[in-house]
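The values are calculated or read from the model by the stated rules, or taken from the named source; none is laboratory data. Small disclaimer: the values here were computed from a predicted structure and weren't measured. Using ideal geometry, Cβ is built from the backbone for each residue, glycine included, and neighbour counts are taken over all protein chains shown. With ligands, DNA and RNA removed, areas are computed over all heavy atoms of the protein, side chains included. Shrake-Rupley method; radii C 1.70, N 1.55, O 1.52, S 1.80 Å.
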Amino acid sequence: MALRDAAIVGFAETKIEARAGRDVWELGAEILDALIEKTGIEKGEIDGMLVNGSMTGAGNCFWSQTTADYLGLQLDFCQSCDLGGSSASSAVARAAAALDAGLCTTVFLLNADTEASESNLNMRAYNVEWSIPHGMIGPPADFGLLSSRYDHLYGLDVNALAKLAVTQRNHGLLNDNACEKLRKPITVEDYLNSRMIAEPVRLLDCVMVCDGANGLLMTTRKRAKEKGFDKFVVPLGYGERTHHNIAESLADVTESGHAVAGKRAFAQAGLTPKDIGSFQPYDDFLIAILLQMEMLGFAPRGQGSAFINETNLGFDGDLPLNTGGGQISAGQAGLAGGGTNLIEGVRQLFGEGGVRQVANRSTALVTGIGYIPYARNWGTSVALILGADG
């Protein structure tokens with residue numbers, strides 16, 4: 001299987017900052033230098049690159065090429081991945097495909113964004129005409145509607161959401177790369193008393209936009225072994241779905257494409273949710289974690305709150321959840337934020353989690369979410385299952 005023939009041989013991550021005050025390409029260069037130093041792979045060996053289509057680079061249709069130019073890379077394969085928060089995980093599958101096709105031998109996967117300092121996004125689409133004039137201003141309003149609908153259908157236990165918030169914050173306190181503004185303990189009461197942003201979404205339900213970068217180096221398993229790597233991470237299963245149920249005029253907003261993407265990823269990997277050593281879901285809002293747990297088969301539909309309440313989600317628990325704090329408690333580095341969860345999954349599989357290292361480092365499930373379309377669930381859902389080798 002082509003996916004399993006690829007290998008992640010190195011990962012790197014910058015400090016996540018509220019405002020970095022640094023250029024996005026400077027952050028990218030820091031990631032590239034760190035990967036070269038960590039893996040021993042020379043810069044001239046890197047002949048492929050996948051760049052996360054960032055908010056900073058949103059106005060540049062040549063983003064991947066200009067990024068490669070500023071980093072001094074001569075490439076045989078160069079591409080931007082523009083699936084929003086799904087970009088980082090989906091880039092792993094695309095890199096594996098490029099390696100399998102012989103388009104390149106060593107791929108640099110870069111997720112760098114300075115959205116908090118410089119956002120050049122112009123959504124166009126439906127937002128200006130259909131959403132903003134009616135008061136749907138930004139993702140909190142979208143997730144407020146989604147949360148209200150879920151609560152109407154199944155009942156939403158705010159104590160379960162509070163548990164997610166506290167668990168992830170506890171993990172973020174153990175992550176030196178987490179944004180300093182977020183490295184403060186919180187309690188269930190802090191969550192419940194945090195102010196409403198878009199009812200029923202509270203402040204502590206929400207992600208905070210930051211600046212930062214992270215990245216991976218990938219090659220083939222054969223080449224990784226030839227170069228003497230005795231430990232690397234392998235993609236085992238992948239699924240992707242864009243515009244789930246788009247043909248339905250009144251789609252169920254509580255159902256996401258992870259129902260399809262997750263089923264495909266688990267089938268490809270030959271695994272079930274019970275086999276997952278750590279779960280690193282994309283978390284721009286806490287309700288998104290609960291929904292993904294249901295869509296991916298950890299809990300039945302409508303039973304996400306009960307599953308959360310009954311499960312130890314700590315790094316030393318039954319299902320370690322976003323062991324680096326996730327984006328909500330480490331900071332969302334723009335569209336590079338999808339890489340935050342991915343990097344943590346890879347770190348755990350390398351056995352480099354430090355004080356928050358999980359016991360089961362055999363597998364990790366990483367997910368992505370890509371933008372919010374009008375009157376439906378998020379636009380793109382991806383599920384990536386990774387395994388440790390060595």
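When Met295 is tested against (1) more than 26 Å from Gly351 (Cα to Cα); (2) surrounded by 22 or more Cβ atoms within 10 Å (Cβ to Cβ); (3) without any contact (Cβ under 8 Å) to a residue 60 or more places away in the chain; (4) not charged (D, E, K, R), exactly one condition is not met: (3). Looking only at the range 319-343, residues that are out of contact with any strand residue (DSSP E or B) (no Cβ under 6 Å at 6 or more places or on another chain) and of a type in the set (A, V, I, L, M, F, W, C) come to 2 in all.
Here Ala247 meets each of (1) more than 29 Å from Thr14 (Cα to Cα); (2) touching a residue at least 60 places away in the same chain (Cβ under 8 Å) with one exception, condition (2). Picking from residues in the range 238-285 that are assigned to a helix (DSSP H, G or I) and of a type in the set (Gly, Ala, Ser), the one that is surrounded by the fewest Cβ atoms within 10 Å (Cβ to Cβ) is Ala267. When the range 76-95 is filtered for residues that are more than 12 Å from Met49 (Cα to Cα) and open to solvent by less than 10 Å² (accessible area, probe 1.4 Å), the ones remaining, listed by number, are Gly85, Ser86, Ser87, Ala88, Ser89, Ser90.
Screening Gly53 on (1) open to solvent by 60 Å² or more (accessible area, probe 1.4 Å); (2) in contact with a Cys (Cβ under 8 Å, 6 or more places away or on another chain) shows it passes everything except condition (1). Across the range 365-374, a minimum of one residue is classified as within 22 Å of Glu115 (Cα to Cα) and of a type in the set (Phe, Trp, Tyr). Note on the range 58-75: residues that are without any contact (Cβ under 8 Å) to a residue 60 or more places away in the chain, surrounded by 15 or more Cβ atoms within 10 Å (Cβ to Cβ) and outside any helix (DSSP H, G or I) total 2. Within the range 180-203, residues that are assigned to a strand (DSSP E or B) and of a type in the set (Gly, Ala, Ser) sit with their Cβ atoms under 7 Å from residues that are open to solvent by less than 40 Å² (accessible area, probe 1.4 Å) and modelled with pLDDT under 95, at 6+ positions apart or across chains, in these pairs: Ala198/Pro140; Ala198/Ala141; Ala198/Gly144. Leu192: at pLDDT 95 or above, buried (at least 22 other Cβ atoms within 10 Å of the Cβ), touching a Lys or Arg at 6+ places or on another chain (Cβ under 9 Å) and more than 19 Å from Ala364 (Cβ to Cβ), yes or no? When the stated conditions are applied, Leu192 does not pass them.
In the range 211-226, is there at least one residue being open to solvent by 30 Å² or more (accessible area, probe 1.4 Å) and assigned to a strand (DSSP E or B)? Yes - at least one qualifying residue is present in the range 211-226. Go through (1) in a helix (DSSP H, G or I); (2) open to solvent by 50 Å² or more (accessible area, probe 1.4 Å) one by one and return the number of the condition Gln168 breaks. Gln168 satisfies all of (1) in a helix (DSSP H, G or I); (2) open to solvent by 50 Å² or more (accessible area, probe 1.4 Å) except (2). The lone criterion from (1) surrounded by fewer than 23 Cβ atoms within 10 Å (Cβ to Cβ); (2) over 16 Å from Ala7 (Cβ atoms); (3) at pLDDT 95 or above; (4) among the charged types (D, E, K, R) left unmet by Asp205 is number (1).
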